[in-house]
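Here is the structure we will look at.
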Amino acid sequence: MKILISACHFTPDNIGVGKFSGEMAEWLASRGHEVRAVVGAPFYPHWKILEGYSGLRYLREKVRGVDVVRCPIYVPRTQSGLKRLLQYTVLMITAFPVLLFWAVRWKPDIVWTVMPPLAGMPTALLVAKLAGAPAWLHVQDFEIDAAFELGLLKKPILRRVFLGIERRLMSSFRVVSSITPKMLEALKTKRVSTQSLLFPNWFDPNVIYPMPNADFLRDAVDIPRTAFVALYSGNLGEKQGVDSLVDVARRLSENPNFILVVCGDGAGRARLASASADLGNMRLLPLQPATLFNALLNMADVHLLPQRSEVADLVMPSKLPGMLASGRPVIAGAMPNTQLAQEVEGCGVVVPPSDSVAMADAIRKLMVNPQERRELGARAAERAIEHWGKDRILLGFELHLKHLLSGNAVLDLSLGET
């Protein structure tokens, strides 16, 4: 198949939307498909253009079999809702000529795009029409709803306008997929009138798996081998609710054996560093290279997964499969009956969102109960394999693409089934 991808985030992002879009493209290329991607210059999660790239010019490169064009992009130094919209609009404008050229000259079989951003949808639909190809939209999170719930955008009239545009655009795609059953329900609530499918995020069991310990990494970052480590690793942004972790560390400061490690980058990192400057039991680490990621996850005794209640079921933390695959229990901030709470149930502990008292209490209980930690961790690793194995999910996706090209409706089965 000839597959054209339009996205903002892509490889070499090692967290978030770009990680999964890039891995999907590389996997398809390894299966013998022709894959081309039109994307922005990499900037996430540091919010500055990665060294070796430019936000002002085009760059074409080959990445593990994928033909990639990097387009000029605006990266604001400080974030706001309007600046994010401007960023996506600039990318839509700079990516359009490349997508148009490939639509006419290369004639892709399928045009695939991902939300966020909303701004990429009109271009993908037009390009698919010009190429005579079906258009597939994949929803990683509902960015418009999340922006208003978090206060990044505020005017009610804007919300009505944006959600109306979103519904019409989504309904124009041949297929709309998303990463959780709850998000598929949200598509129905939004009255999106097209076929919807589950396409969850994944982990690679050859890359992330339980290790007895990761003492060498503890030694490298000066964490005692005997310390009890609670780890958060990922983006430090608004949706993640990581500010509550400072209070968690403060409430556990009486325990000399406890260390809370935050590993990541993002808009909230400076604020987090300032708020935790007086805490001796909280460490901030930069994002680790892919070669150390499994060791990082296994360095933890428990994983912490805070999330703000405002974005429940509008997003799903992409870091969860990896956390579970490491064979460590997860303490998650989530409301009952949300997708996150359901996924963690039985292999971790669910506490109310942003409730640092409850999260600290959950840590204390697991600290003194190693047997429960082992049992929860074993179930976590089993669940990861059952639900989020990379090849299983992507083989299902490939099957759907082939069926779509046959001229029939996409098969009515989970992408995880083959």
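The values are calculated or read from the model by the stated rules, or taken from the named source; none is laboratory data. Not measured: the values here are computed from a predicted model. In this analysis, Cβ positions are derived from the backbone assuming ideal geometry, glycine residues included, and neighbour counts consider all displayed protein chains. Ligands, DNA and RNA are stripped out before the accessible areas are found, and what is left, the full protein with its side chains, is counted by its heavy atoms. Shrake-Rupley method; radii C 1.70, N 1.55, O 1.52, S 1.80 Å.
A few points about this structure:
- Derived from the Cα gyration tensor, the three semi-axes of the equivalent ellipsoid of the chain are 36, 23, 21 Å, largest first.
- Tensor-based shape of the stretch 335-375 (alpha-carbon gyration tensor, a/c under 1.5 rounded, otherwise prolate or oblate): oblate
- Restriction of the trypsin sites (Lys or Arg not before Pro) in the stretch 31-102 to DSSP coil positions whose beta-carbon has at most 14 other beta-carbons within 10 angstrom yields ARG31, LYS48, ARG57, ARG64, ARG77.
- Largest to smallest in accessible area, the residues THR189, THR94 fall in the order THR189, THR94 (1.4 Å probe, all protein chains included).
- Shown in residue order for the stretch 249-262 are the 3J(HN,Hα) couplings computed by the Karplus curve 6.51 cos²θ - 1.76 cosθ + 1.60 at θ = phi - 60°: 4, 5, 6, 10, 5, 6, 9, x, 9, 9, 9, 9, 10, 10 Hz (x for Gly and Pro).
- Solvent-accessible surface (1.4 Å probe) assigned to MET335 amounts to roughly 90 Å².
- Accessible-area order (highest first, 1.4 angstrom probe) of the listed residues HIS403, HIS9: HIS403, HIS9
- With all protein chains kept in place, the per residue accessible area of the stretch 205-246 amounts to 45 square angstrom at a probe of 1.4 angstrom.
- The gain in end-to-end length when the ARG225 to LEU100 segment is fully stretched comes to 39.5 nm, 0.36 nm per residue minus the alpha carbon separation.
- Cut-off under 5 Å, modelled amide H: who pairs with LEU197 long-range: VAL176, SER177, SER178
- Shape call, the stretch 256-302: gyration tensor on alpha carbons, a/c limit 1.5: oblate
- LYS107, LYS390, LYS129, ranked by accessible area, largest first (probe 1.4 Å): LYS129, LYS107, LYS390
- Cβ-derived FRET efficiency at R0 30 Å, LEU59 paired with HIS403, nearest 0.05: 0.30
- Measuring between their Cα centroids, the stretch 132-198 and the stretch 60-120 lie 19 Å from each other.
- The Cα atoms of the stretch 141-282 give a gyration tensor whose axes a ≥ b ≥ c have a/c of 1.5 or more with a/b no greater than b/c, which makes the shape oblate.
- A simple packing score, the average count of other Cβ atoms within 10 Å per residue, orders the peptides 154-162, 190-198 as 190-198, 154-162, with the highest score first.
- Annotation: SER356 carries an accessible surface of approximately 10 Å², with a 1.4 Å probe and no ligand, DNA or RNA atoms counted.
- Most mobile listed residue (PRO286, PRO72, PRO12) in the chain, GNM with C-alpha springs under 10 Å: PRO286
- Calculated translational diffusion coefficient of the stretch 108-172 (20 °C, 1.002 mPa s; Stokes-Einstein with Kirkwood radius over alpha-carbon pairs) equals 171 µm²/s.
- Each residue of the stretch 192-205 was assigned a 3J(HN,Hα) from its phi angle through the Karplus expression (A = 6.51, B = -1.76, C = 1.60, θ = phi - 60°), giving 7, 9, 8, 5, 10, 9, 7, 9, x, 5, 9, 9, 9, x Hz with x at Gly and Pro.
- LEU296 accessible area, 1.4 Å probe, all protein chains in place, Å² to nearest 10: 0
- Here is the P(r) of the stretch 275-418: all C-alpha pair distances, binned every 5 Å from 0, give 2, 9, 15, 17, 18, 16, 9, 6, 4, 2, 1, 0, 0 in whole percents.
- Karplus-derived 3J(HN,Hα), 6.51/-1.76/1.60, for each residue of the stretch 170-182, Hz, glycine and proline x: 4, 5, 8, 7, 5, 9, 10, 10, 8, 9, 9, x, 5
- When the solvent-accessible area of the chain is split by element, carbon and sulfur atoms take up 54 percent of it, the probe being 1.4 Å.
- ASP391-ARG251 FRET efficiency (beta carbon distance; Förster radius 30 Å; 0.05 resolution): 0.10
- The GluC sites (Glu not before Pro) of the stretch 18-118 that meet both conditions, a loop assignment by DSSP and at most 15 other Cβ atoms within 10 Å of the site Cβ, are GLU51.
- Per residue accessible area in Å² of the stretch 278-402, where ligands, DNA and RNA are left out and the probe is 1.4 Å: 38
- Reported value for the stretch 1-129: 93 Å³ per residue, from the convex hull of its C-alpha atoms.
- Taking 18 Å as the straight-line reach from the Cα of LYS107, the lysines in range (excluding those fewer than 8 positions away in the same chain) are LYS2, LYS129, LYS402.
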